[in-house]
Structure formats: structure tokens, C-alpha cells
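Read through the structure below, which is laid out as C-alpha cells, and then see the notes.
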Amino acid sequence: MGFASRAVLRNPRNDVETGLFLALVHPYCRLVHRLRVRGKAHIPQSSAPGPLIVVANHTAGVDPVLIQAACPFEIRWIMAEDMRVPQLQWLWDWGRIIFVDRSRGNEVRATRTAIEHLKAGGVLGIFPEGHLERPPQQIRPFLRGLSLIVRKTKAPVLPFVIDGTPTGDPAWSSLWRTSRSTLTAKPPINYAGEDLAHLDPADDLRERFMHWTGWPANDRKPPSPGNPSGEK
């Protein structure tokens, strides 16, 4: 019992809830998604490596779960409001998710919260495409908010490339669909020494993701009720 208790409490928050969650997440990712993690040497092994910005392409609703399973530190995610499932409100509260509702123009408040979290030494997770990659294996434009956060905090960026996740809709259906997912950690990028007046971190990172994956750019607007085809 003593060994089990210590193992459960050995987590970023040092509490039982987080320990139990991670104890379930790791076998879930291995059994349901056959998760393979590459580039493990690039992932900090400290429980508090912040300030740090985790950035990944967005393939499915399960993406943040896969990344969290590969990291020994807690990641606080920025998430679009339209991904908020009311039945999982307890999970959003526990994860301290920073929600962004672009239709109501609360990007400024969400960005301020993200910057404060980083300046306090936290780890922030961002899917800068802002939407799922549809069609899959195409890189959408990266949102400008990422550049603002990098410029304001000078926090290093840890990129992850995700591939092989379930592509069904709705996004959260990927939680119960099996897959052979691959997560590749890339070397951290430090923009602190760059001339950010002339280098845009969002554009730079998008170019890197297209190089790493070999996937083409998808510059079409995301599908919406008024624009179901996603045309410009």
C-alpha cells in the first residue's frame, strides 16, 4: 500500500486525483491508440520545466491526452469554446482549461490568462491551427495569438507532431476509436534571441511543421454553418 500510494502521489500536482488520472491515461494510450512516442530525449523530464509552450498540429480530440501521457509535467491547454462538451465540465475545471470563444471576442482575456500562466512558470499547450486538420495531413494557418504569447513571454517552444489518430467526427469520438498514433517531439525552439520584429513565430512554426511532416498547406477557411465548403 505504501509503494502504491507513493506511486499515485508522484505526479505534477502531488494529489490523488491527478495520480489516478495519469495511472489510467498511460494504459489507455497504449492499448486504445497503440501510442508510439519518438524524440523522447527532447521532452523535459522535470515536473516543472516552465515557462514552456507546447505546440502541436491538431488531428483529433484525443490529441491533448496523448501529449499529456508523454510528458511528466502538467500542461494547461488553450481550447476553442465550441469543443466544450457540457457533460465534461468537471474535466475542464480540473484541467484549468483556458477557453477561447472567437465569436464573442474574448481572445484578449484568454491570451492574458495564458501569458500570466507562463510568467508564473507554468506550461501552456496550444493547437495553433485552431481547428482540426480537415482534410487530414494538411497544415492549416497558425493563429496570430501564438506569436503574441511568444513575444510577450520569451518562453521556449516544444513542438510535437501528431499523426495516425482517428479522423472521425465529432472530434471527441476519437477518444473511443482505436488507432495507431505517433507522437514525435522535436527539439525545443528558443525565440528569445531572435529579432521578433521581423520573424513571426507563428509563420516560422507553420513552415517547420510542413517541413517535418511533408504535408501541404491548407489555407481554406475552416468549415462553418455559413460556409460548409470552407472556401475562402
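The length gained on full extension between GLU194 and LEU175, counted as 0.36 nm times the residue separation minus their Cα-Cα distance, comes to 3.0 nm.
Just check region 43-177 against the gyration tensor rule for me: Cα atoms, a ≥ b ≥ c as the square roots of the eigenvalues, rounded for a/c under 1.5, and otherwise prolate or oblate depending on whether a/b exceeds b/c. Verdict is rounded for region 43-177. When the Gaussian network model of the chain links Cα atoms closer than 10 Å, the mean-square fluctuations of LEU183, LEU91, LEU132 top out at LEU91.
For ARG38, the residues 5 or more places off, or on other chains, whose built amide H falls under 5 Å of its own are LEU183, THR184, ALA185. Within the chain, the percentage of alpha carbon pairs spaced more than 33 angstrom apart rounds to 13%.
As a test, work out the antiparallel percent of DSSP beta bridges whose residues both lie in the chain, rounded to the nearest 5. Could the numbers behind the result be given before it?
Working: 6 of 23 bridges.
Antiparallel bridges: around 25 percent, rounded to the nearest 5.
The local environment of ARG30, defined by Cβ-Cβ distances under 13 Å, has a net charge of +3 under the rule Lys, Arg +1 and Asp, Glu -1.
Read-outs throughout are calculated quantities, based only on the coordinates presented, and are distinct from any laboratory measurement. Computed from a predicted structure; not experimentally measured. Don't worry about glycine lacking a Cβ; one is built from the backbone with ideal geometry, like all the others, and counts go over all protein chains shown.
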